[in-house]
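This report refers to the structure that appears directly beneath it.
The values are calculated or read from the model by the stated rules, or taken from the named source; none is laboratory data. In this text the structure is predicted, and so the values were computed from the model without any measurement. Ideal geometry is used to build each Cβ from the backbone, glycine not excepted, and the neighbour counts take in all protein chains shown.
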Amino acid sequence: MDYLIFVVSLGALIWGADLLIAQSERIALHFNISEYVIGATLIAVGTSLPEMAASVAASYNHKPALAISNVIGSNILNITLVLGAVFLIARKVDPHRDFFAKDSSWALFPVLIFAVMAANDRFTRFDGALLIALMGAYILFLRKNGTEVLELEDDELETAEKVPFSWPRIALLLLLGFVMVIVGAEFTVESASSIARSLGVSEWIIGIVLVSMGTSMPELIVSVVAARRGKADMAIGNIIGSNMANITMVLGSAALVRDLVLPMRPYYFDIGVMIVATVMLVFITANRLYSRSAGIGLLILLALFLRHIAQAFGGS
């Protein structure tokens, strides 16, 4: 039964992602908003809702390990698996935006703040408020620095001109896309978690691998579909924005529910992998290494991370 649920959920994710991208393009075209801003805000926040739901619920149920590991695992997978898949699958990745000059600090800064907070073995409500405020600062930054021109192909432009712009229709389709993406991810998480618990897997491993893998599926599907349609700015913007939202909104909201108290020393390796993955993202954008070789490098880091998790599981 779990396999059937997985297949149906994946279909919902793919269809929902296509709806999200199509309607986001129409909004961007109507208001002359760059693909990056749409990807880093509207789509990124929407695809991060599964992580938020999982972490807030874990915090409410006194499971800080699940709440925190979900954020770490999602950020690692977004860069290594999602961005790696984009580089390997997309026909061409040639973004218009200079991500290194404009966005590298927003990719790295929240991760370093997370590491500092983790050193105290506690994420307080005050920390949560600071993280959410950081997301507000990021949105303000995007309002002033998201000036790339939106470019549509001829067939997309012709389709957009034929269908009149209608907020009710677009809102309905966006809502449908979000629901399909989120519900699809939630069913994936539930089936994976039930299997993991039956096998006696620890709460941290459930969060950092199974739950984060399920909640990262929206980012994976949205980014790959966007990249294959030539929307590289939207694909990469979704990854950077989602990672930003994971640390600020997801962890911040979970900490606002109640203080997250957890000894973090046993998990320094996982935090280190998240930092290394983010540095690799900055390095790739600095040198515009949007290629299959960069994708392979990211997947190698993912393989090392999963090897460590497998060894931890074997030793538990």
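Quick notes on this one:
- ILE76 β-branched (Val, Ile, Thr) and either under 18 Å from the mean Cα position of the chain (by Cα) or modelled with pLDDT of 80 or more (or both): yes
- Looking across region 281-293 at every residue that is of a type in the set (A, V, I, L, M) and over 19 Å from the mean Cα position of the chain (by Cα), the one that is surrounded by the most Cβ atoms within 10 Å (Cβ to Cβ) is identified as LEU289.
- Of all residues in region 226-276, those satisfying the criterion of being within 15 Å of LEU77 (Cα to Cα) and aliphatic (A, V, I, L, M) are ALA235, ILE236, ILE239, ILE240, MET244, ALA245, ILE247, ILE271, VAL273, MET274, ILE275, VAL276.
- VAL7, sole failed condition from (1) assigned to a loop (DSSP other than H, G, I, E, B); (2) without any contact (Cβ under 8 Å) to a residue 40 or more places away in the chain: (1)
- For region 112-208, the helices (runs of 4 or more DSSP H) that sit wholly inside it and include 2 or more residues that are surrounded by 12 or more Cβ atoms within 10 Å (Cβ to Cβ), modelled with pLDDT of 85 or more and touching a Ser or Thr at 6+ places or on another chain (Cβ under 8 Å) are 125-145.
- Condition met for GLY237 (at pLDDT below 80 and of a type in the set (Gly, Ala, Ser)): no
- Meets criteria (part of a helix (DSSP H, G or I), modelled with pLDDT under 75 and crowded, with 16+ Cβ neighbours inside 10 Å) for ALA227: no
- ALA44 vs. criteria under 16 Å from the mean Cα position of the chain (by Cα), more than 19 Å from LEU301 (Cβ to Cβ), surrounded by 20 or more Cβ atoms within 10 Å (Cβ to Cβ) and touching a residue at least 12 places away in the same chain (Cβ under 8 Å): yes
- Test: residue in region 257-269 that is surrounded by 24 or more Cβ atoms within 10 Å (Cβ to Cβ) and not in a helix (DSSP H, G or I): yes
- Region 1-28, residues that are over 14 Å from ILE182 (Cα atoms), surrounded by 19 or more Cβ atoms within 10 Å (Cβ to Cβ), modelled with pLDDT under 75 and of a type outside the set (Asp, Glu): ILE21, ALA28
- Selection from region 94-111 of residues that are surrounded by 22 or more Cβ atoms within 10 Å (Cβ to Cβ) and either more than 30 Å from PRO266 (Cβ to Cβ) or over 16 Å from the mean Cα position of the chain (by Cα) (or both): ARG97, PHE99, ASP103
- Verdict on SER55 being among the hydroxyl-bearing types (Ser, Thr, Tyr) and farther than 23 Å from ALA277 by Cβ: no
- If the condition is being assigned to a loop (DSSP other than H, G, I, E, B) and surrounded by 24 or more Cβ atoms within 10 Å (Cβ to Cβ), then region 230-244 contributes only LYS231.
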